[in-house]
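Working notes, beginning with the structure itself.
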Amino acid sequence: MTIRNVIFDMGGVLLQWDPPTFVAKLFPDAARQALIRREVFDHADWHEFDRGSITEAQAIEHFGKRAGLNADEMRALLRTANESLQPVPGTLQLLEELAVADVHLYLLSNMPVSTYQFLTKRHEFFRHFRQLVISGAILMLKPEPAIYKHLVESTGIVPAESVFIDDLLKNVIAARECGLHAIQFQGADACRAELRAYLPGAGI
């Protein structure tokens, strides 16, 4: 069957996501860095922040308390996290080439609404997407089957005509179980090579 749609994840695919690096920029002490990573970014509540069940105000209060950060420090940490989301080398070029080839492009990302709003003011690439599914806006989260079902139903895409790209294997497996083709992102060049097999006429 002809592939018509490519669905991108954002963090780790289009934009870099590297908590150890940006935490170290703010907090030079290694023990404090480890505490912040454990109690904020590696904690189960971070996924609930992505889901939208924890607001930014609640995140500042609860994450800060666990990590020993005051409100100003926690705000600065979240701001630095957002600012660290810089383009992955090569991926935006691939996105541009797919747009020129008139491939239908979609976005499916685990992300708080506040982060999404920050990014849309900063980056132009969002214009290429026909529709964006942001976890924090719909209270669903990858790799739960419901978010892939929502993607299919809200966009009208045919799963067998669609390829999903994500850096996390669990999200790739879940997409395949929902009928989508899927690629685990391991760099722009490798992703391009895999996409060529699905889109031989796209000229990428």
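Report the number of Lys pairs in the chain whose alpha-carbons are under 24 Å apart, with separation of 8 or more residues or on distinct chains.
Count of close lysine pairs: 4.
Can you list residues whose amide H is under 5 Å from Val163's amide H, if they're 5+ apart or on another chain and H is modeled 1.01 Å from N?
Here Asn5, Val6, Ile7 satisfy the definition.
Below 8 Å, C-alpha to C-alpha, sequence gap of six or more: please give me the relative contact order for region 1-74 in percent.
It comes to 18 percent, rounded to a whole number.
What number does the chain give for Rg over Rh if you use C-alpha atoms and the Kirkwood radius?
Radius of gyration over Kirkwood radius for the chain works out to 0.99.
Per residue, how much accessible area does region 92-148 show when a 1.4 Å probe rolls over the protein heavy atoms, in square angstrom? Intermediate results must be reported in sequence, preceding the final value.
Numbers: 2590 Å² over 57 residues.
Accessible surface, normalised per residue, equals 46 Å².
The values are calculated or read from the model by the stated rules, or taken from the named source; none is laboratory data. Please read all numbers here as calculations on a predicted model, not as lab measurements. Calculation scope for accessible area: heavy atoms of the full protein, side chains included, ligands and nucleic acids excluded. Shrake-Rupley method; radii C 1.70, N 1.55, O 1.52, S 1.80 Å.
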